[in-house]
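Here's the structure, in structure tokens; my notes come after.
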Amino acid sequence: MTRTSFSIPLRLASTAIAAVAVLSLSGCLYAQIPVGSPTDVPSSSPETDAPSDESSGSTLTFTEGLDLASDTYIEWGDGLVVDEGWKIVSPDDGNGAWTYGTVDGTCTARFWQGYTTDVPVVAGDDSASSDAILGVLLQTPTSEVTPLATTGEFSYMAGGNGGVETRQVVGVDGSRTWLMAARAFTQTGVGLSVVVDCTAADAEATLAAINEENAVVVTP
């Protein structure tokens, strides 16, 4: 899977965050997702089609992320590729983004991995920098995202492990729910995100199911 820098194309829809904990969906969700061309060359690493079955039993909290070596390679595993409940909606676009959808058509999950060159990260603060990724997705200042975001998790090394701290925001629009979750790694200058968009299912429950199959893979 490719890795690209996180840039903001001009066509992104402007989205204001309401002063409530649950955000309302405005316009087409995926018009908010960066799809710009890469400006950095990714370090070489074999593509990871599925998370390792072997768990290190470790966690990767925001604080623990500061202990990573600068050349650590961090990427999404692709556990959904072997899950019969999901199908590929759009393959890796060469810009570090790809989308899966549930076979019943109720949810999509758009993954991104790349450099955070164009994200206003805070050196030595993975939590604030994760909020900054969410801010880029929503085209909203980080200072407005932070009070509304909550701490969640991705799985570490193997599905079902949990342990990788993230920041996330959730939105509801009638029967439709969506969730944006992100993790920045300031020591390595990269980030990961997923946007879950459900028309007839719960986005938070869907992310939990994704975490059972999918994981963040870290290669020292």
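The values are calculated or read from the model by the stated rules, or taken from the named source; none is laboratory data. Predicted, not measured: the structure shown is a model, and the values here were computed from it. Please note: Cβ atoms are built from the backbone with ideal geometry, for glycine as well, and neighbour counts cover all protein chains shown. Just so you know, the surface numbers come from the protein's heavy atoms only, side chains and all, with ligands and any DNA or RNA stripped out. Shrake-Rupley method; radii C 1.70, N 1.55, O 1.52, S 1.80 Å.
Table for the structure above
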quantity: For segment 106-220: rounded, prolate or oblate by the Cα gyration tensor [a/c cutoff 1.5]; calculated: oblate
quantity: nm² value of the averaged projected area, convex hull over the Cα atoms of segment 49-186; calculated: 9.2 nm²
quantity: Label-point separation, Q139 to T199 (7 Å along Cα→Cβ), nm; calculated: 2.4 nm
quantity: Per-residue SASA entry for E153, accessible area with 1.4 Å probe, Å² rounded to 10; calculated: 90 Å²
quantity: Charge sum, other residues only, whose C-beta stays under 13 Å from G171's C-beta, Lys/Arg counted +1 and Asp/Glu -1; calculated: -3
quantity: Sequence of S193, S127 when ordered by accessible area, the most exposed leading, probe 1.4 angstrom; calculated: S127, S193
quantity: Estimated inter-spin distance, S90 and T117, nm [label 7 Å along Cα→Cβ]; calculated: 2.1 nm
quantity: Net +/- balance of residues flanking G124 in space, Cβ distance below 14 Å, scoring K and R +1, D and E -1; calculated: -4
